[in-house]
Amino acid sequence: MFNRRKFIKTSAISSLALAINKSAACTSKKKPTTVKPVVISTWDAGLRANKAAWDVLKDGGRALDAVEKGVMVTESEQNCCVGLGANPDRDGFVTLDASIMDEFSNCGSVAFLERIKHPISVARRVMEKTPHVMLVGSGAQQFAVAEGFPLEEQKLSTDAEKNYENWLKKSEYKPPAINIESLPAGKVDKQDHGPFAPKKLENGEWNHDTIGMVAMDANGNLSGSCTTSGAGFKMRGRLGDSPIIGAGLFVDNEVGACTATGQGEDVIRVAGSHTVVELMRQGLSPEAACKNAVERIMRIKGEKAKDIQVAFLAVNKNGEVGAYAIHKGFSYAMKTNNREELVNAKYIMD
Ligand code: ASP
C-alpha cells in the first residue's frame, strides 16, 4: 500500500538522487568555451573582407563596425560580382542591394540602388538615421546623396562588360515571365522560372554576386551584413534575398546570426536566414541548421533543385560556425584569434 509516510520517504530519496544527478551533470558537462571574436563571410572574397573586419574586432571593436568595414572591401573591388563594376541587369544597369543588422535587432537595408559605391553604408544610415528599415530605388539614392555619398559614374568593370556583351549575343534578352493564362490548369502552383543566380559556369563552378558576413565581437555581440549586385542580367527592378531581413541576413543576439547566398528567390521562399537562426534556437548546431534549411528548399524545388545553388553560413552564441550548400563549390572565409582560412562547405549534391 502506498501510504503518506512512504510517499514522503520516496520523494525525499528521489529529490536527493536528483540533486546528486544535477550536481554530477554540472561537473561533468563542461560549458563549451566561446570562440570570440570570430568573423565569417561567403566565398573567397571573404578572405580579404575578413581582414578589414578583423582590424576592428582585434581591438575590441563592435561587430557592427566590423561587418560594415569588411564588406566595404568587396564593394570597392570593382569586379563582376559585387559593387558598381558588377554584372548589370538585362538593360545594362548595375542595381545594388544591401542589408545590415546589429545586436539590438536594429536593421536597415537598401535595394535597387544605382550609382552609389557603398550600399552597405547607406543601409547602415537607413538603420541609424531614419524611422524605417528599407529604402529602395530613387528614394534610396536621394537619401544617400543627402547623407553625403557621392553619385558615381555608372561604369561596368571589364569583366562585367564582357559578360554582358556575351549575354546579349546569345540573345537571352527575353522576358522570363511566363504567360500563366496559357498554362493548363493545375500547372501554376509553383512559381518557378528557372535558375537566376548563381549560375553554373561552363567550367562547372558556380558564379556568385554577393558577400554576406556575420561576426561576434569580444563582448559576445553579434552583427551581420550582406551586399550584392543581385542576379546578373536580371529583370529591371528585380530584388533578391540580400536586402530582405530574415532572408539574406538575420541576427538574434541571444542565439546566432546567418547569411545566405545563391538563388535569392528560393531563399526568400523559406525566410532562409531567419529559419536557420530559429533552428539554432531549438538547439541545432550552425551546420545542422544550415543543412535543414537547404533541405527545406530542395523539398520545395523537387527535381529542379539540381539547377540552383543556395548556401547558408551561420554562427551561434558560442562562436561555433557552420555552413551548408545544395551543390559542391561553396566556400566561406573564417577568421579567429588563431585561424584564418577558406573552408569548403558541405553540400548535398555535386
Ligand atoms: N543571393 C543573391 C541574389 O539572389 C545572389 C547571389 O548570392 O549570388 O540576389
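The values are calculated or read from the model by the stated rules, or taken from the named source; none is laboratory data. On a predicted model such as this, the values are computed, not experimentally measured, just so you know. Positions of Cβ are backbone-derived with ideal geometry, glycine not excepted, and every protein chain shown enters the neighbour counts. Note: accessible area is taken over every heavy atom of the protein model, side chains too, but ligands, DNA and RNA are not part of it. Shrake-Rupley method; radii C 1.70, N 1.55, O 1.52, S 1.80 Å.
Here are the numbers for the structure shown:
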quantity	calculated
Members of region 49-60 that are touching a Lys or Arg at 6+ places or on another chain (Cβ under 9 Å) and open to solvent by 10 Å² or more (accessible area, probe 1.4 Å)	51, 52, 54, 55, 56
Selected residue [near the ligand (Cβ under 9 Å from one of its atoms), in a loop (DSSP other than H, G, I, E, B) and at pLDDT below 65] from 185, 197	197
Filtered residues of region 60-112 (kept if part of a helix (DSSP H, G or I) and free of Cβ contacts under 8 Å to residues at least 24 places away in the same chain)	65, 69
Tally, over region 121-138, of residues that are more than 18 Å from residue 153 (Cα to Cα) and assigned to a helix (DSSP H, G or I)	8
Out of 121, 138, 109, 99, sole residue that is modelled with pLDDT of 95 or more, over 21 Å from the mean Cα position of the chain (by Cα) and at negative phi	138
Selected residue (criterion: farthest from the ligand (Cβ to nearest atom)) from residues of region 253-273 that are within 10 Å of the chain's Cα centre (by Cα) and in a strand (DSSP E or B)	257
Whichever residue in region 61-79 is within 16 Å of the ligand (Cβ to nearest atom) and surrounded by fewer than 24 Cβ atoms within 10 Å (Cβ to Cβ) and, among such residues, is modelled with the lowest pLDDT	79
Contacts under 7 angstrom Cβ, first residue in region 220-238 being under 24 Å from residue 104 (Cβ atoms) and in a strand (DSSP E or B), partner more than 10 Å from the ligand (Cβ to nearest atom) and open to solvent by 10 Å² or more (accessible area, probe 1.4 Å), 6 or more apart	222/103; 222/253; 223/103; 225/68
Residue within region 294-311 that is open to solvent by less than 20 Å² (accessible area, probe 1.4 Å) and assigned to a strand (DSSP E or B) present	yes
Verdict on residue 281 being open to solvent by 20 Å² or more (accessible area, probe 1.4 Å) and more than 14 Å from the ligand (Cβ to nearest atom)	yes
Breaking point among (1) among the acidic types (Asp, Glu); (2) in contact with a helix residue (DSSP H, G or I) (Cβ under 8 Å, 6 or more places away or on another chain); (3) within 13 Å of the ligand (Cβ to nearest atom), for residue 89	(2)
Residue list for region 139-154, restricted to those being assigned to a helix (DSSP H, G or I) and surrounded by 19 or more Cβ atoms within 10 Å (Cβ to Cβ)	140, 141, 143, 144
Test: residue in region 235-247 that is within 9 Å of the ligand (Cβ to nearest atom), more than 13 Å from the chain's Cα centre (by Cα) and either more than 15 Å from residue 289 (Cβ to Cβ) or at pLDDT 95 or above (or both)	yes
Hits in region 32-48 - residues which are buried (at least 24 other Cβ atoms within 10 Å of the Cβ) and over 16 Å from residue 339 (Cβ atoms)	42, 43
Selection status of residue 287, without any contact (Cβ under 8 Å) to a residue 24 or more places away in the chain and either under 15 Å from residue 348 (Cβ atoms) or near the ligand (Cβ under 9 Å from one of its atoms) (or both)	no
Selection status of residue 272, modelled with pLDDT of 95 or more and surrounded by 24 or more Cβ atoms within 10 Å (Cβ to Cβ)	yes
Residue that is modelled with the lowest pLDDT [pool: residues in region 205-234 that are near the ligand (Cβ under 8 Å from one of its atoms) and of a type in the set (D, E, K, R)]	209
Filtered residues of region 246-262 (kept if β-branched (Val, Ile, Thr) and surrounded by fewer than 23 Cβ atoms within 10 Å (Cβ to Cβ))	255
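Condition check ((1) under 19 Å from residue 213 (Cβ atoms); (2) of a type in the set (Asp, Glu)) across all residues:
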position: 289; (1), (2): yes, no
position: 303; (1), (2): no, yes
position: 311; (1), (2): yes, no
position: 319; (1), (2): yes, no
position: 323; (1), (2): yes, no
position: 326; (1), (2): no, no
